[in-house]
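Trainee: Right, I'll just put the structure down here and ask away after.
The values are calculated or read from the model by the stated rules, or taken from the named source; none is laboratory data. Owing to the predicted nature of the structure, the values given are computational and were not obtained by experimental measurement. Cβ coordinates were reconstructed from backbone atoms using ideal geometry, including for glycine residues, and neighbour counts include every protein chain displayed.
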Amino acid sequence: MTAIQVAPVPVPVGQDPAVRVRGLVKRYGGRAVVDGVDLDVRRGEVFALLGPNGAGKTTTVEVLEGVRRRDGGEVTVLGEDPATAGRGWRDRIGVVAQSTGVGDALTVRETLDHFARYHGTARPTAELLAAVGLPEAAGTRVARLSGGQRRRLEVALGVQGRPELLFLDEPTTGMDPVARRRFWDLVRGLRAGGTTVVLTTHYLDEAAELADRVGVLADGRLVDVAPPGELGAQLRRVATVRWTEDGATREVRTPEPAAVLRDLLAAHPAGEVPGLTVTRPGLEDVYLSLVGATPEGETR
Amino acid sequence: MTAVLTPATTRPAPPSALAIGLARTGLELRLFVRDPAQVVFSFAYPIVMLVIFASVFAGEDRPGGVPFAQYFLAGIAATGIMLTSFQAVGTALAEERERGDLARLQVIGTPPLGYFLGKAGQVLVTTVLQLAVLLTVAATVYDVSLPTGVGRWLTFAWVVLLGAVAGTVLGTAVASAGSSRAVGNGISAFAVVLQFFSGVFFVFSELPSWMQEVAAVFPLKWLVQGMRSVFLPDAAAAAEPAGSWEHGTTALVLAAWVVVGLVVCARTFRWRRTA
């Protein structure tokens, strides 16, 4: 889908991180839904918070956005504490949330034109419509938009104020594959221009496609932070060697598959080892292990 | 194809609360006219009240030989103000909070004052239009003679303004009390009872004194009294509880409610139901 690969802007070295979180705790009714999260998001990177539903992704992001109080820990976003930061700070961040209304009675264009008036500086409506792929729906009342179109309008509102830091909470929910690809392009375009992006998702492919680094959240704790290709480094080193012996599948999980293979070959001097495979865990396997949901049919 | 989108390098300060209040007044009015149910209710309710009162009690006169329609025009106008300010704002705000519209305003950095000014602006415009329709119908269909003196209209202006502002502030204050259902039902029930107590449906001076005393705590009674001072002849002042129109007390009570409401708003206003 991407016709032109945009060279990423180098992340400035030595600058304060866009987001710095230490020991973040948020409780609901005594239960910690975010339980001691440490997190740094560098300026200019796309950081994905990946995790199953209920892992604490939205709560974490809402604390960073300054719309939810925290029960413990230190949080700095663009140099300020979101709990006390003012309008100037808020105008530097953009938010695409899950539970914000857009109103129903206005058209898409009227909505964008109206909210442009809240920002110190705003992207032109036509540019926004083009960026999210909604020009043909500009005259449509918001009430008549499909779920995916509405989501795109919300994305447009999120980037309207030319934010330095953009929060995207499950941004592609309800989008069809074409809209999703277009949205990914939009995020790449934002990154190329130097916008820092924090996004939550439960789609692995989305995190792998967009993120410079991925933080995996499970039960309110950050269980790993790494570039998507390096997530679960420990887990990835473990290969699974499978073969058939006496009509049954045998399986060995080992960090040193070559040693297992040498033994196997020695035991089969005549030639082939029936049903022999060596597999390393893919992103999905690693992710499922990290969040504590072992893939079906696999032994640990 | 990927378009490069850069953040702002220079960023002017965000627009003032007043500028956002003006933008929101326009928006609120546009949303109002696009909601036919709200338009009909706001404009038709006082007219229907007038038609009913004038028809049921046709021919009867009230204290000082004032025709019925003229006497109750005061109460109907005051009810109309309460409707377009207190009831409309309280109900709408609770719904907006529940729908997440306010959460959007929060993340976009709206100053609460700007949001409030938008509500107040919309209330003032709709109240003035509603009263214009009501007075036109009263004058043309029911031959109510409207005041001619400038002083009367000045009184009318400040009573409407203070009443609408008090209603907007108090509507905003009560909207934080619960779910939109609870708030909507609570406001409707309270408004009806208050109308009985405040002399909207009956001649105030004929109500039991304990009801008069309860009513005197709340703004509606003063709003109705202020309106009587506009629409009734001077001689009718003798029938008032104090034997006069009590303009000073009226202004004080309404202003006090504005202050109380503002304090409550400042302490309890929330963009979301939970934080």
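Trainee: Considering only segment B:163-220, state which residues are not β-branched (Val, Ile, Thr) and not in a helix (DSSP H, G or I).
Mentor: Within segment B:163-220, the first condition is being not β-branched (Val, Ile, Thr), and the residues that meet it are B:163-164, B:166-167, B:170-171, B:173, B:175-182, B:184-186, B:188-191, B:194-199, B:201-202, B:204-213, B:215-216, B:218-220.
Across segment B:163-220, the qualifying residues are B:Gly178, B:Ser179, B:Ser198, B:Gly199, B:Phe201, B:Phe202, B:Leu207, B:Pro208, B:Ala216, B:Phe218.
Trainee: Quick check on this structure: which one of A:Leu165, A:Leu128, A:Leu190 is free of Cβ contacts under 8 Å to residues at least 40 places away in the same chain, under 17 Å from the mean Cα position of the chain (by Cα), surrounded by 18 or more Cβ atoms within 10 Å (Cβ to Cβ) and closer than 24 Å to A:Leu78 by Cβ? Steps first, please.
Mentor: Working: A:Leu165 fails: free of Cβ contacts under 8 Å to residues at least 40 places away in the same chain; A:Leu128 fails: under 17 Å from the mean Cα position of the chain (by Cα).
Being free of Cβ contacts under 8 Å to residues at least 40 places away in the same chain, under 17 Å from the mean Cα position of the chain (by Cα), surrounded by 18 or more Cβ atoms within 10 Å (Cβ to Cβ) and closer than 24 Å to A:Leu78 by Cβ holds for just one of A:Leu165, A:Leu128, A:Leu190, which is A:Leu190.
Trainee: So, one more: Here's a check for you: in segment B:40-62, which residue that is of a type in the set (Gly, Ala, Ser) and surrounded by fewer than 18 Cβ atoms within 10 Å (Cβ to Cβ) is modelled with the highest pLDDT?
Mentor: First, the residues of segment B:40-62 that are of a type in the set (Gly, Ala, Ser): B:42, B:44, B:54-55, B:58-59.
Checking the rest, the ones that are also surrounded by fewer than 18 Cβ atoms within 10 Å (Cβ to Cβ) come to B:44, B:55, B:58-59.
On the way: B:Ala44: 91, B:Ser55: 84, B:Ala58: 71, B:Gly59: 68.
Across segment B:40-62, the extreme among qualifying residues is B:Ala44.
Trainee: Which one is farthest from the other protein chains (Cβ to nearest Cβ), of the residues in segment A:86-104 that are out of contact with any strand residue (DSSP E or B) (no Cβ under 7 Å at 6 or more places or on another chain) and of a type outside the set (D, E, K, R)?
Mentor: Top of the filtered list is A:Gly86.
Trainee: When the residues of segment B:1-22 are filtered to those that are part of a loop (DSSP other than H, G, I, E, B) and buried (at least 19 other Cβ atoms within 10 Å of the Cβ), which remaining residue is farthest from the other protein chains (Cβ to nearest Cβ)?
Mentor: B:Pro15
Here is a yes/no grid of residues against (1) more than 14 Å from chain B (Cβ to nearest Cβ); (2) touching a strand residue (DSSP E or B) at 6+ places or on another chain (Cβ under 9 Å):
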site	(1), (2)
A:Asp16	yes, yes
A:Val19	yes, yes
A:Gly30	yes, no
A:Gly36	yes, yes
A:Ala48	yes, yes
A:Gly72	yes, yes
A:Glu80	no, no
A:Ala83	no, yes
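Trainee: I've got another one for you. Among the residues of segment B:76-94, is there at least one that is among the small types (Gly, Ala, Ser), within 14 Å of another protein chain (Cβ to nearest Cβ) and over 19 Å from B:Pro219 (Cβ atoms)?
Mentor: Initial filter on segment B:76-94 (among the small types (Gly, Ala, Ser)): B:77-78, B:80, B:85, B:88, B:90, B:92, B:94.
Filter again for within 14 Å of another protein chain (Cβ to nearest Cβ), leaving B:92, B:94.
Filter once more, keeping what is over 19 Å from B:Pro219 (Cβ atoms): B:92, B:94.
Yes, segment B:76-94 contains at least one residue that is among the small types (Gly, Ala, Ser), within 14 Å of another protein chain (Cβ to nearest Cβ) and over 19 Å from B:Pro219 (Cβ atoms).
Trainee: Within segment A:93-137, track down each residue that is of a type in the set (Gly, Ala, Ser), part of a loop (DSSP other than H, G, I, E, B) and more than 29 Å from B:Gln38 (Cβ to Cβ). Before the answer, list the steps.
Mentor: Filtering segment A:93-137 for residues of a type in the set (Gly, Ala, Ser) gives A:94, A:97, A:99, A:101, A:103, A:105, A:116, A:120, A:122, A:126, A:130-131, A:133, A:137.
After this cut, where a residue has to be part of a loop (DSSP other than H, G, I, E, B) as well, the list is A:97, A:99, A:101, A:103, A:105, A:120, A:122, A:133.
Hits for segment A:93-137 are A:Gly120, A:Ala122, A:Gly133.
Trainee: Go through (1) within 11 Å of chain B (Cβ to nearest Cβ); (2) crowded, with 22+ Cβ neighbours inside 10 Å and name the single condition A:Val155 misses.
Mentor: Status for A:Val155: all satisfied but (1).
Trainee: To continue, here is another question. Can you name the residue in segment B:23-48 that is touching a Leu at 6+ places or on another chain (Cβ under 9 Å) and within 17 Å of A:Ala116 (Cβ to Cβ) and is also farthest from the other protein chains (Cβ to nearest Cβ) among such residues?
Mentor: The selected residue is B:Thr25.
Trainee: Just checking, which of A:Thr58, A:Thr107 is of a type outside the set (A, V, I, L, M, F, W, C), more than 10 Å from chain B (Cβ to nearest Cβ) and more than 22 Å from A:Ala122 (Cα to Cα)?
Mentor: Values: A:Thr107 fails: more than 22 Å from A:Ala122 (Cα to Cα).
Being of a type outside the set (A, V, I, L, M, F, W, C), more than 10 Å from chain B (Cβ to nearest Cβ) and more than 22 Å from A:Ala122 (Cα to Cα) holds for just one of A:Thr58, A:Thr107, which is A:Thr58.
Trainee: Taking A:Leu261 as the residue in question, decide whether it is crowded, with 23+ Cβ neighbours inside 10 Å and either more than 14 Å from chain B (Cβ to nearest Cβ) or under 13 Å from the mean Cα position of the chain (by Cα) (or both). Step through it out loud before you land on a result.
Mentor: Values: crowded, with 23+ Cβ neighbours inside 10 Å: no; either more than 14 Å from chain B (Cβ to nearest Cβ) or under 13 Å from the mean Cα position of the chain (by Cα) (or both): yes.
In short, no.
Trainee: May I pose another question? Suppose we filter A:Asp212, A:Asp205, A:Asp113, A:Asp176 for residues that are charged (D, E, K, R), more than 14 Å from chain B (Cβ to nearest Cβ), in contact with a helix residue (DSSP H, G or I) (Cβ under 7 Å, 6 or more places away or on another chain) and surrounded by fewer than 20 Cβ atoms within 10 Å (Cβ to Cβ); which single one remains?
Mentor: Values: A:Asp212 fails: in contact with a helix residue (DSSP H, G or I) (Cβ under 7 Å, 6 or more places away or on another chain); A:Asp205 fails: in contact with a helix residue (DSSP H, G or I) (Cβ under 7 Å, 6 or more places away or on another chain); A:Asp113 fails: more than 14 Å from chain B (Cβ to nearest Cβ).
Step by step, each of A:Asp212, A:Asp205, A:Asp113, A:Asp176 is checked, and only A:Asp176 is charged (D, E, K, R), more than 14 Å from chain B (Cβ to nearest Cβ), in contact with a helix residue (DSSP H, G or I) (Cβ under 7 Å, 6 or more places away or on another chain) and surrounded by fewer than 20 Cβ atoms within 10 Å (Cβ to Cβ).
Trainee: Which residues, counting only those in segment A:185-201, are within 26 Å of A:Gln15 (Cβ to Cβ) and either at the interface with chain B (Cβ under 10 Å from one of its Cβ atoms) or of a type in the set (Gly, Ala, Ser) (or both)?
Mentor: A:Leu186, A:Val187, A:Arg188, A:Gly189, A:Leu190, A:Arg191, A:Ala192, A:Gly193, A:Gly194, A:Thr195, A:Thr196 - these are the residues of segment A:185-201 that are within 26 Å of A:Gln15 (Cβ to Cβ) and either at the interface with chain B (Cβ under 10 Å from one of its Cβ atoms) or of a type in the set (Gly, Ala, Ser) (or both).
Trainee: If you check B:Val203 against the conditions, is it of a type outside the set (Lys, Arg), surrounded by fewer than 20 Cβ atoms within 10 Å (Cβ to Cβ) and in contact with a strand residue (DSSP E or B) (Cβ under 9 Å, 6 or more places away or on another chain)? Explain how you work it out, then say what you get.
Mentor: Values: of a type outside the set (Lys, Arg): yes; surrounded by fewer than 20 Cβ atoms within 10 Å (Cβ to Cβ): yes; in contact with a strand residue (DSSP E or B) (Cβ under 9 Å, 6 or more places away or on another chain): yes.
It is true that B:Val203 is of a type outside the set (Lys, Arg), surrounded by fewer than 20 Cβ atoms within 10 Å (Cβ to Cβ) and in contact with a strand residue (DSSP E or B) (Cβ under 9 Å, 6 or more places away or on another chain).
Trainee: Can you list the helices (runs of 4 or more DSSP H) found entirely within segment A:214-300 that contain at least 3 residues being of a type in the set (A, V, I, L, M)?
Mentor: Values: elements: A:233-237, A:257-267, A:283-290.
Because the criterion is at least 3 residues that are of a type in the set (A, V, I, L, M), the helices (runs of 4 or more DSSP H) in segment A:214-300 that meet it are A:257-267, A:283-290.
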